[in-house]
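Scroll down for the structure; my scribbles are underneath it.
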């Protein structure tokens, strides 16, 4: 008597092996359940069968329900661990076909990173439990499941959430491409700009606070830094600092951090990329110590 049947178009070996191990465990408990295999078109069907007349109705229901719960958990784990990547690839290829193959591959990688970093709602455990619930509901009514069909027609909410993650990954990918192009353009301006000051020291404090000086410790002023005196509340201090540095085009940039927060200053990463090969980081000096807690009024 067939308890349930699974139709698989790919990776039946892994699922077959897990089914057989579980059925052997049932045999050790006194229930003879065997796994058979047949082919229909492109699908391999794995059936779990128990000898008729061997069990009471109560035992039969127990074995059937226990097996369905196990198979549901196994398939939920398998879908998230293996089929999820295929679903993501299909979504990306369908919705963003106009990207190159390499770009689509990079987007897929970004999606997987976002999913790996997810916790709580739609984290790994949440995704598995969502699918597990759908599988249990399905097995309450049916004894045969074709995995491809289940993925296509029974997991709409799950696929919709994956699509949202794909869209987010595309947005981040585009922003990253724009940022890289922005850095490339800035590096070009630095390369063609005539150096005005050989060595520049930048002291970065809490928040957006910074101080910029030459090698003799004298504050540097130019048209960009003077704009802060206008009291424009909308001014972006990172843009201000980067614009000033590009105008000065120093051969050497020394970064000083007067606090741990200074190391996470929004401009640090951009400076290191735009002035690649010219940036050094101070390990601690009087300039750093003397500028601890740069007042907001002295940011320039």
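The values are calculated or read from the model by the stated rules, or taken from the named source; none is laboratory data. Keep in mind that this is a model prediction, so the values were computed, not measured. Positions of Cβ are backbone-derived with ideal geometry, glycine not excepted, and every protein chain shown enters the neighbour counts.
A few notes on this one:
- Candidates 72, 81, 76 - the one that is under 17 Å from the mean Cα position of the chain (by Cα) and assigned by TED's automatic domain parsing to the domain that holds residue 15: 81
- Among the conditions (1) more than 17 Å from residue 165 (Cα to Cα); (2) assigned to a helix (DSSP H, G or I); (3) touching a residue at least 12 places away in the same chain (Cβ under 8 Å), residue 137 misses just one, which is (3).
- Against the numbered list (1) surrounded by 15 or more Cβ atoms within 10 Å (Cβ to Cβ); (2) free of Cβ contacts under 8 Å to residues at least 60 places away in the same chain; (3) more than 30 Å from residue 122 (Cβ to Cβ), residue 158 comes up short only at (3).
- Qualifying residue in the range 176-186 (condition: within 30 Å of residue 38 (Cβ to Cβ), over 18 Å from the mean Cα position of the chain (by Cα) and modelled with pLDDT of 95 or more): no
- Restricting 109, 117, 126 to residues that are without any contact (Cβ under 8 Å) to a residue 40 or more places away in the chain, under 24 Å from residue 75 (Cα atoms) and loosely packed, with under 10 Cβ neighbours inside 10 Å narrows the list to 117.
- Against the numbered list (1) assigned by TED's automatic domain parsing to the domain that holds residue 108; (2) outside any loop (DSSP other than H, G, I, E, B), residue 142 comes up short only at (2).
- Total residues in the range 268-292, condition part of a loop (DSSP other than H, G, I, E, B) and modelled with pLDDT of 85 or more: 5
- Lone unmet requirement of (1) touching a residue at least 24 places away in the same chain (Cβ under 8 Å); (2) on the phi < 0 side of the Ramachandran plot for residue 11: (2)
- Candidates 152, 119: the one that is in a helix (DSSP H, G or I), at pLDDT below 95 and on the phi < 0 side of the Ramachandran plot is 152.
- Among (1) surrounded by 14 or more Cβ atoms within 10 Å (Cβ to Cβ); (2) modelled with pLDDT of 80 or more; (3) in contact with a strand residue (DSSP E or B) (Cβ under 9 Å, 6 or more places away or on another chain), the one test that residue 219 misses: (1)
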